[in-house]
1. Over the range 687-842, consider all pairs of different Cα atoms and compute the Kirkwood hydrodynamic radius from their mean reciprocal separation; express it in Å, one decimal.
2. Any idea what log10 I(q)/I(0) is at q = 0.10, 0.16 Å⁻¹ for the range 319-445, Debye with uniform C-alpha scatterers and no solvent?
3. Mind listing which chymotrypsin sites (Phe, Trp or Tyr not before Pro) in the range 793-842 are in a DSSP loop and have 16 or fewer other Cβ atoms within 10 Å?
4. Among GLY329, VAL505, TYR743, which residue has its Cα furthest toward the positive end of the charge dipole of the chain, with +1 on Lys/Arg Cβ and -1 on Asp/Glu Cβ?
5. What number do you get for the range 629-704 when its Cα radius of gyration is normalised by 2.2 N^0.38 Å, N = residues?
6. With respect to the cross-link table entries LYS785/LYS829; LYS563/LYS753; LYS637/LYS663; LYS180/LYS637, which display a Cα-Cα separation exceeding 28 Å?
7. With unit charges on the beta carbons (Lys and Arg positive, Asp and Glu negative) and the dipole taken about the Cα centre of the chain, which residue among ALA772, PRO31, LEU534 sits farthest to the positive side?
8. At q = 0.29 Å⁻¹, work out log10 I(q)/I(0) for the range 670-709 with the Debye formula, treating every Cα as an identical point scatterer and leaving solvent out; two decimals please.
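The values are calculated or read from the model by the stated rules, or taken from the named source; none is laboratory data. None of the values given here were measured: they were computed from a predicted structure. Note: ideal-geometry Cβ built from the backbone for every residue, glycine included; neighbour counts use all protein chains shown. We work out accessible area using only protein heavy atoms, side chains counted, and drop any ligands, DNA or RNA first. Shrake-Rupley method; radii C 1.70, N 1.55, O 1.52, S 1.80 Å.
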Amino acid sequence: MYAEVAVNRPLKQVFTYHIPLELTGQEEIAPGHLIEVAFGTATLSGIVTHLHNVTPDFQTKPILRRLDPEPVLTPAQLELGWWMSERTLTPIGLCLWAMLPPGLSADRATRYTLLDLNDPGNTPVQQRVLSLLKKRGPLTNRQLGRALPHTDWQAAVNQLTERQAVSKMEVLTRPAAKPKMVRTVRLGIEPEEIHDAIDELQDGRKKLDVYPAILEFLASKVEAVEVSVVYEETGATLTHLKRLADEGLVILGEEEIWRDPLVGRIFSPDTPPVLTLAQQAAWKTIDAHAEAVHNDPSAESQVFLLHGVTGSGKTEIYLRAVELVLAQGRQAIMLVPEIALTAQTIRRFAARFQGRVSIIHSKLNPGERYDVWRRARTGAIQIVVGARSALFAPLPDVGLVILDEEHDDSYKQDAEFSPPHYHARDVAIEMMRQTHGTVILGSATPDVTTMFRAERGEFTYLHLPDRVLAHRAEVEEQVQALKLQSPHYHETEVEEAVSLELPPVQLVDMRHELRVGNRSIFSRALQSALHQTLTAQQQAILFLNRRGTATFVMCRDCGYIAKCPRCETPLTYHAPQEALRCHHCGYHGPNPQKCPECGSNRIKHFGTGTEQLDRLIQTEFPEARVVRWDKDTASEKGAHEKILSQFIHREADILVGTQMVAKGLDLPLVTLVGIISGDTGLGLPDYRAGERTFQLLTQVAGRAGRSLLGGRVILQTYRPEHYAIQAAASHDFETFYRQEMDYRRTLDYPPYKRLARLLFTDRTEANAQEEAESAARILRLHRSKGDFPATEIIGPTPCFFTKHNNLFRWQILIRSTDPVAFLRGVEFKSAVIMDIDPVDLL
């Protein structure tokens, strides 16, 4: 029997290994198993893609061992991995490994072994390396690094290897992810024997109260408990427990515990509300399809575009779809674009489906992700909520995938990250096509390509045009609690439900503010609105999509701008740390007091970020309690939920934030949203700049007016005439969509043509340029020899962000009806990052 194996290397093919006799029977190898194989002179982990009995015409190596007793990928995931490989032009091994939790597969390491016992070593560092290998035997690169810190041990060991005093070999270390085991203890005698046992234990010895306390505590427990609980309850130590165990009074043991990211959380159950007529119509369509698939498993999958204004009740449709799928014995995946949204989403889902939900995202520690992955694999959980990577949870039979805020760019693994560069929306659609499931794409501002596909009939379009407030009993309670004379709502066709108008948006032309002498970051309208909101003891959100205190630092004498030495982009000033930081690569340096080029003292901070906005609010509105929500304040685990909870519980009056505050948050006491600079992204050289601006402004505006208190939006801009700004101010998706599609059609941009982005990076700009130009020549030759009349090759050109993390960046764009077909089989002379259907071109 032979196995085809994919390894975690950028290699296009799989490799054939034979299965030795010792790995048959109980140790049987199956597709999806994680295994260890010899690969050249190294040892690597691999994934079995399929088995066969066809004897190859070359000598094969045996599979060395199985690293996990159960397959780590399901058959459906293996099939999906091959599709991703074809769709993104990514080696199959990289696609399969993207589905695994971190730490599951063994890590590669280099093991060094001493060969020449008489080599004296030519340098002090060589002598220390040789001494360590003599004393401790073979060591890995990590062990040598820990033993020889602050030394160039790598150069020393390379020199020893060259003269064959030391050998090196690539090996696999033990996987970092493993079950968590805890020590336990239980009573080893009958409870009525405790008194006599204590007398014998302390006979002739100093009386110790801790032993009776331990035994009496354990007598109150039916099962074994963790020793840490005993320590906390009785003041005991392990020494005390070991003595009792030696006397046969207690039994020490060990058991595995699940690392549950939701442990200790209490979710109050909720009851499904009555649907509005629009919700009923949408749900009837989804329900009919799901029932048809259940009755006929061969029925085709279906994709629904649920287009609902902010606050229209899309989540209730999601919950009902999940309930139906679970009743059919299948499982569901609920995707959100940001980790920040998992807290609010998990509250809704865990309240409806108690004990059946878990989460997956990158802020979980490896142990938590490993345990959630294992529980999903066994079917112990039925619903997974999370960001992009949650799509690969190994649930046994996924019947539904939901993408909330489906327009969001965070669903794309873009070119700055490791391959595969996939879009979760495309993968979810293919995944449900293969398993005959359902996809729901929800958004108040759908991606224009998604909307285009719905218009063409590829997706089923469902519309929720009204904002739903609550049901009549809840509304009447709110009216009484808020003491409102004329609440802001109107009746719906469903007697129990009440709906709201979307908040009015006031456009403020900041050019006019300057002409009348207002040089503040706050327009007069926003200042007045903030005073009114604070006086009424209501809440406000101020949105600014820039972090930091100042967005750049410049010398007013010579024009010098402080830039990142690794990225060539302006550094952002952060006042609390008195430092300049790069928001692209993380570089940070001191804040200059003098110009490093001309020596002038006239160096100044320009622009405003959320840090500075926070300070300005506290200066102008000292009575306001302000909380800031951006990447700087929410970098720690649990920070998103803590900040959100603080604002929900009215421990702050004003929430200052970046795009994190724009997505999916339901904050009923927010009556004012102030958009500080609505046109920040319009100047970027990207064909999607207008779409991004419209989506972001519409989404953040939708945070206002979600209760009977009503709400309003102040949108400050220097380009009030731009069609994206005008449409966002009117909550008018239809008008924006038509204008945007006219622009795309004229310039042949998606969805009328597809794009592929080829990115070339190097530490020297000349090399990056040469690699790009060489690739362009290869592509043009390939086009001339094939049948690709509608394919355009644009570039090569430097990227907008020319340098990132010490690498210069050049790119080529392919515009074609099918860029994958054009690029398939093309071989380049150097490494290239391929991004099919890129979401940005910067």
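1. Numbers: mean 1/r = 0.0552 Å⁻¹.
Its Kirkwood hydrodynamic radius stands at 18.1 Å.
2. So the normalised log intensities work out to -0.28, -0.74.
3. On the way: sites: PHE800, PHE801, PHE808, TRP810, PHE822, PHE828; in loops: PHE828.
Passing sites in the range 793-842 are PHE828.
4. Most positive-ward Cα: TYR743.
5. 1.20
6. Working: LYS785/LYS829 19 Å; LYS563/LYS753 36 Å; LYS637/LYS663 19 Å; LYS180/LYS637 20 Å.
Too far apart for the 28 Å limit: LYS563/LYS753.
7. Sorting the options by dipole projection puts first ALA772.
8. Debye curve over Cα of the range 670-709, log10 I(q)/I(0) at q = 0.29 Å⁻¹: -0.95.
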